[in-house]
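Heads up, the thing below is written out as structure tokens.
The values are calculated or read from the model by the stated rules, or taken from the named source; none is laboratory data. Fair warning: this is a prediction, and the values are worked out from it, not measured in the lab. Here the Cβ is made from the backbone with ideal geometry for all residues, glycine too, and neighbour counts use every protein chain on show. Please note that ligands, DNA and RNA were not included when accessible areas were found on the heavy atoms of the full protein model with its side chains. Shrake-Rupley method; radii C 1.70, N 1.55, O 1.52, S 1.80 Å.
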Amino acid sequence: MEEEKKTVSTKKPERTEKNNNRKPNNKRRPNNRPTKMYDEIVLDTKAVVKVTKGGRQRRFQAVVLVGDKKGLVGLGIGKANEISEAVKKARQDAQKNIVRVSIVDNRTIAHEMTKDEGATKVIIKPASAGTGLVAGSAVRSVLEIAGYRDIISKSLGARSKINMARATINALLSIKTIDQVCEERGKTREEILD
């Protein structure tokens, strides 16, 4: 019996005209898309424990604020076995949750606003030029990273940093500028101000 020898070709297949015209598929890959760079503040890190039948599972929680100091701000929370991983997850979560807030005269807000989150109550008020940020811990961090320079605030109730930050962001989102009110009512600026 004769043994047939099979030859294996090491040549690459020739490119057809169809393959030559193909564009690189960079648009579908999420790793190739440009990411905006935001300023970042690590608001809080703490150890959290989950009790299971096998014992206590210790992890870390991080709360991160991101923003561009021009009206964009986001809050994110991340949990992981190490602090650095928790901060990384929180940063990614914050970038997903970025919102735009209105800034009047590049320094303050249009009017007073009060918001609750859990047992925390935050009051923010516009201030005259040169006043600065009169605010405590988490509220100050949110206002700084959003780009405000002159605001007076007061925090009442619980002092949870997450709830204070959420209440502040919700208050900033609830504020309406004169232009927004004019658009909703269908009137001119002069009619509303008179």
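Just name one of Ala110, Gln95, Ile178: the one whose Cα is farthest towards the positive end of the charge dipole of the range 79-194 (beta-carbon charges, Lys/Arg +1, Asp/Glu -1).
My answer, from the dipole projection, is Gln95.
Is there a pair in Lys96/Lys161; Lys36/Lys154; Lys121/Lys161; Lys36/Lys115; Lys69/Lys187 whose C-alpha atoms are over 22 Å apart, and which pairs would that be?
Distance filter (> 22 Å) returns Lys36/Lys154; Lys36/Lys115; Lys69/Lys187.
On the accessible surface of the range 71-141, probed at 1.4 Å, how many percent belong to carbon and sulfur atoms?
45 percent
For Ala127, which sequence-distant residues (separation of 5 or more, or a different chain) have an amide H within less than 5 Å of its own amide H, given hydrogens modelled in the peptide plane?
Ile109, Ile152
At what distance in angstrom do the alpha carbon centres of the range 35-96 and the range 154-171 lie from each other?
Here the answer is 17 Å between Cα centres.
Over the range 74-126, average the accessible area per residue using a 1.4 Å probe and give it in Å², no decimals.
56 Å²
Does the range 77-186 come out rounded, prolate or oblate by the C-alpha gyration tensor, with a ≥ b ≥ c the root eigenvalues, rounded set by a/c under 1.5 and, if not, prolate when a/b is larger than b/c and oblate if not?
Since a/c reaches 1.5 and a/b is larger than b/c, the shape of the range 77-186 is classed as prolate.
Apply the Karplus parameterisation 6.51 cos²θ - 1.76 cosθ + 1.60, with θ equal to phi minus 60°, to every residue of the range 131-141 and state each ³J(HN,Hα) to the nearest whole Hz, in sequence, with x for glycine and proline.
Values per residue, Gly and Pro as x: 5, x, 8, 9, 7, x, 4, 5, 5, 4, 4 Hz.
Can you give the charge dipole size of the range 74-149 about its Cα centre, rounded to the nearest 20 debye, using +1 on the beta carbon of Lys and Arg and -1 on the beta carbon of Asp and Glu?
100 debye
Taking only protein heavy atoms and a 1.4 Å probe, what accessible area per residue, in Å², does the range 147-194 have with all protein chains in place?
61 Å²
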